[in-house]
1. Taking R0 as 25 Å, what's the FRET efficiency between Ala282 and Trp119 from their Cβ-Cβ distance, rounded to 0.05?
2. Once you have the Cα-Cα distance between Arg238 and Leu261, take 0.36 nm times their residue separation minus that, and quote the gain in nm to one decimal.
3. Assigning unit charges at the beta carbon (Lys, Arg +1; Asp, Glu -1) and nothing else, what dipole magnitude in debye, to the nearest 20, does the chain show about its Cα centre?
4. Can you give me the distance in nm between label points at Asp268 and Tyr92, each placed 7 Å from the Cα along the Cα-to-Cβ direction?
5. Place a point 7 Å from the Cα of Ala53 along the Cα-to-Cβ direction; which residues of segment 269-293 have their backbone N under 19 Å from it?
6. From Cα coordinates alone, what are the radius of gyration and Dmax values for segment 13-224 in angstrom?
7. More than 26 angstrom separation, counting every C-alpha pair in segment 63-179; what % is that?
8. Based only on Cα atoms, what Rg/Rh ratio does the chain have, Rh being taken as Kirkwood's radius?
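Throughout, read-outs are computed from the coordinates displayed, never taken from laboratory work. Keep in mind that what you see is a predicted model, and the values were worked out from it rather than measured. Note that each Cβ is placed from the backbone with ideal geometry, even for glycine, and that neighbours are counted across all protein chains shown.
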Amino acid sequence: MTRTATSPDATPSGGAPRARARLLWELPALPRLLIVTQCAFNIGFFAVLPYLADHLGGSLGLAGWLVGLVLGLRTFSQQGLFVVGGVLTDRYGPRPVVLAGCVLRALGFVWLGFAQATWAVIGAVLLVGFAAALFSPAVETEIARQAVRHEEATGVARTRVLGLFSAGGQAGALLGPVLGAALLVGGFRTACLAGAGTFVLILAGHWWLMPRAPAPSAATDARAVPTPGGGGLRELARNRAFLVLCLAYSTYLLAYNQLYLALPAELDRSMGSQAALGWLFALSSLLVIAGQLPLSRWAAARLTHPAAVRWGLVLIAGSFLAAGVLLPVGGLVPALAFVVLLTVGQMLVVPAARAWLPDLVPDHRLGLCTGALSSFSGAVVLIGGAPSGALLERGGALAWLALAAVPLAGVLLVRPSRG
């Protein structure tokens with residue numbers, strides 16, 4: 001399927017909040033539902049996740065290595081199995097996959113809230129992760145498809161719709177920890193039950209408002225071309241452009257993961273504690289909420305999707321270089337430079353990669369490819385985590401400069417002429 005790489009946005013700019021509200025209101029019902037519930041997804045998720053490690057190591061008394069294993073299993077059960085959710089989305093449409101994921105996430109949070117034994121905790125976090133491996137590819141596949149259709153119908157660049165989707169998710173990521181902190185007064189179980197309740201509400205919304213049949217074009221393609229997993233994966237393995245996007249996106253995700261590894265290490269080094277970590281995460285979320293739509297509008301008018309991915313990766317590489325160069329300044333300066341540049345780079349890469357994907361793969365494989373993109377990138381992060389940690393243990397500017405090579409490799413992978 002071939003589509004226009006970018007499309008001018010005819011919507012008048014106005015203030016950023018007003019422009020976001022206007023764009024959201026002008027969207028058809030389905031993409032508007034997906035954007036709003038993406039915010040709700042993250043509110044429920046981040047009301048629990050930031051406090052999971054403390055619960056495991058404190059309340060349950062698990063050893064540090066076991067806490068790390070549990071958190072790693074949750075990530076792998078989510079990112080590593082995205083391809084499963086993508087295949088199911090292609091086969092059955094997004095609605096049943098999203099509904100199943102919401103049910104499993106609610107059950108997983110309830111289980112996690114009551115789990116005491118190690119095996120029960122592991123089972124609960126695997127269920128929580130697998131739930132996201134179902135609903136996230138389904139939602140991301142459908143929002144990409146709807147963004148393309150809205151672009152074709154109205155001329156509003158698809159990256160603006162996808163940027164609004166990202167901003168909605170970041171708003172949830174900002175509000176979720178605040179809600180979780182308030183709920184923790186009643187204990188970790190209270191936060192888990194509230195998270196489960198959020199997903200019950202999301203389930204009800206999708207049950208009533210999401211179309212009961214797959215999108216017509218997806219259904220037609222799926223009937224015309226069978227989608228067995230093996231054949232689909234062999235087809236993807238021969239799609240060089242898609243593989244290039246997977247590799248480039250993996251360099252972004254591995255670099256972005258340093259928010260959870262390199263940033264805490266730098267705060268410990270420069271400040272003696274990680275007390276500022278929450279504020280820096282909040283800053284990152286606020287930057288996305290305030291800046292995603294204007295940046296997406298600017299990029300849609302001036303850059304192709306591959307060019308936006310390249311420039312985003314350049315900024316991410318610059319975030320590591322800036323942190324390394326500014327280490328002698330001390331204080332929060334290196335960390336602030338890292339977070340700001342990394343976040344702006346992310347705001348270019350993520351909507352552009354999602355918008356580029358439908359141009360590289362047939363529509364009947366869009367769910368599979370959305371899932372495979374995340375699964376492949378998650379595997380790269382899993383493999384690259386240990387070397388990154390070992391590098392950071394050495395400390396100093398050299399570690400930051402070496403990490404800058406990761407996104408720079410992605411820049412070299414994406415050819416300027418590819419669009």
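1. On the way: r = 35 Å, r/R0 = 1.40.
Result of the calculation: an efficiency of 0.10.
2. Numbers: separation 23, 0.36 × 23 = 8.28 nm, distance 3.44 nm.
Extra length from Arg238 to Leu261 when fully extended: 4.8 nm.
3. 720
4. 4.3
5. What the label zone holds, given the 19 Å backbone N cut-off, is 269-285.
6. Here Rg and the maximum Cα pair distance are 18.1, 56 Å.
7. Percent of Cα pairs beyond 26 Å in segment 63-179: 30.
8. Here the Rg-to-Rh quotient is 0.95.
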